[in-house]
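Report on one structure; see the data block that follows.
The values are calculated or read from the model by the stated rules, or taken from the named source; none is laboratory data. Owing to the predicted nature of the structure, the values given are computational and were not obtained by experimental measurement. When we count neighbours, we look across all protein chains shown, and the Cβ atoms used for this are built from the backbone with ideal geometry, even at glycine. Ligands, DNA and RNA are stripped out before the accessible areas are found, and what is left, the full protein with its side chains, is counted by its heavy atoms. Shrake-Rupley method; radii C 1.70, N 1.55, O 1.52, S 1.80 Å.
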Amino acid sequence: MTNKTGIYFAFWERNWNADYCAYIEKAKRLGFDTLELGAGALSEMDRSELKRIADTAKAAGMDLTYCIGVPDKYNVASSDEAVRKRGIAFLQDLLERIAYMGGDMLGGILYAAWPGSIACLEERQIAREKSLKSMRVLSETAESLGITLCLEVVNRFEQFIMNTAEEGAAYLKDLESCCSSAGAVRLLLDSFHMNIEEDDLYTAIRTAGDKGLIGHFHIGECNRRAPGEGSGRMPWNEIVRALADCKYNGRIVMEPFIKPGGEVGRDIRLYRDLSGGCTEEEMDQKAENACAFIKNLLRRYKTPEQK
């Protein structure tokens with residue numbers, strides 16, 4: 001397989017706004033091809049800072065990807081029209097900033113609020129319809145800017161509109177039926193969330209991947225540690241084989257969270273130190289080992305035409 005491998009900056013960082021340039025250089029040194037940034041922080045940056053980050057990545061030969069869980073005040077699935085329209089404007093601004101930086105994707109819980117919950121199933125259908133209405137507008141903006149929106153399928157404790165790959169595929173089918181720019185929207189599957197919700201990971205990946213619906217893929221252990229540490233039970237061979245079998249050639253970004261504290265620890269609900277008290281140097285080693293582990297697996301599952 002020819003996938004680029006990445007890591008989310010917040011593996012090291014406790015706040016969502018950080019010195020992204022330092023993490024670009026660190027990720028490159030540890031063997032990664034991609035660094036994923038917290039997209040929400042971009043809205044607070046001026047053009048000179050956006051350019052500095054983009055130039056640093058270009059000089060390092062690194063891809064940048066962007067991810068966000070949209071806060072409730074920007075909930076594009078809200079029944080409050082003022083909130084819904086404010087959310088559309090917020091995401092359109094983010095898309096323009098990413099385009100300015102030369103980016104080609106925005107992923108995460110873009111279609112509703114994160115975290116989100118409902119009192120009854122009737123509310124789910126109403127929110128889904130509002131979400132689709134908003135995504136029609138946002139897909140047009142994304143398409144005009146050459147950016148793919150990657151909607152993250154997450155577990156029931158974080159969102160309710162789509163919890164499985166099958167539900168994600170159904171959402172995209174409904175979007176396609178009423179939107180000519182639906183091709184700018186794909187799914188973001190995540191092994192951590194899939195471990196909670198899917199009956200079978202291989203089948204779930206193929207459900208979306210065989211239809212070409214996967215635009216981005218997140219990996220992490222069932223306890224949010226880095227892949228390959230030997231401290232989880234994720235079937236990595238099965239996951240990578242499924243991606244190979246559906247010919248997914250997009251980026252694969254690991255999203256481990258192991259240090260409590262700060263905004264990141266609070267929002268991810270990390271209440272214990274999964275690192276075992278690691279120093280930053282030891283955290284670097286964990287990341288480097290995880291990168292090598294995944295790249296070795298990807299080489300093992302190369303299809304004949306890729307070898």
Open item on the list: Here are the criteria: (1) of a type in the set (Lys, Arg); (2) touching a residue at least 60 places away in the same chain (Cβ under 8 Å); (3) in contact with a strand residue (DSSP E or B) (Cβ under 9 Å, 6 or more places away or on another chain). Tell me which single one LYS28 does not satisfy.
Closed with: (2)
- [ ] Report, by residue number, each residue of the range 285-305 that is open to solvent by less than 20 Å² (accessible area, probe 1.4 Å) and under 13 Å from PRO256 (Cβ atoms).
- [x] ALA287, ALA290, CYS291, ILE294
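Every residue, every condition in (1) in a loop (DSSP other than H, G, I, E, B); (2) hydroxyl-bearing (Ser, Thr, Tyr), yes or no:
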residue	(1), (2)
ILE68	no, no
SER79	yes, yes
GLY108	no, no
ALA127	no, no
LEU132	no, no
MET135	no, no
PHE160	yes, no
Task: Selection count, the range 31-66, where residues are crowded, with 19+ Cβ neighbours inside 10 Å, touching a helix residue (DSSP H, G or I) at 6+ places or on another chain (Cβ under 6 Å) and touching a residue at least 60 places away in the same chain (Cβ under 8 Å) - done: 2
Task: Selection within the range 137-146 - more than 21 Å from ALA113 (Cβ to Cβ) and either open to solvent by less than 10 Å² (accessible area, probe 1.4 Å) or part of a helix (DSSP H, G or I) (or both) - done: GLU140, GLU143, SER144, LEU145
- [ ] Go through the range 155-180 and give me each residue that's buried (at least 20 other Cβ atoms within 10 Å of the Cβ) and hydroxyl-bearing (Ser, Thr, Tyr).
- [x] THR164, TYR171
- [ ] Tell me the helices (runs of 4 or more DSSP H) entirely within the range 208-307 that contain at least 3 residues that are closer than 28 Å to VAL185 by Cβ.
- [x] 236-245, 262-268
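Identify, from the list GLY102, GLY6, GLY69, the residue that is in contact (Cβ under 8 Å) with a residue 40 or more places away in the chain, touching a strand residue (DSSP E or B) at 6+ places or on another chain (Cβ under 9 Å), surrounded by fewer than 19 Cβ atoms within 10 Å (Cβ to Cβ) and small (Gly, Ala, Ser).
Unique residue meeting the criteria: GLY102.
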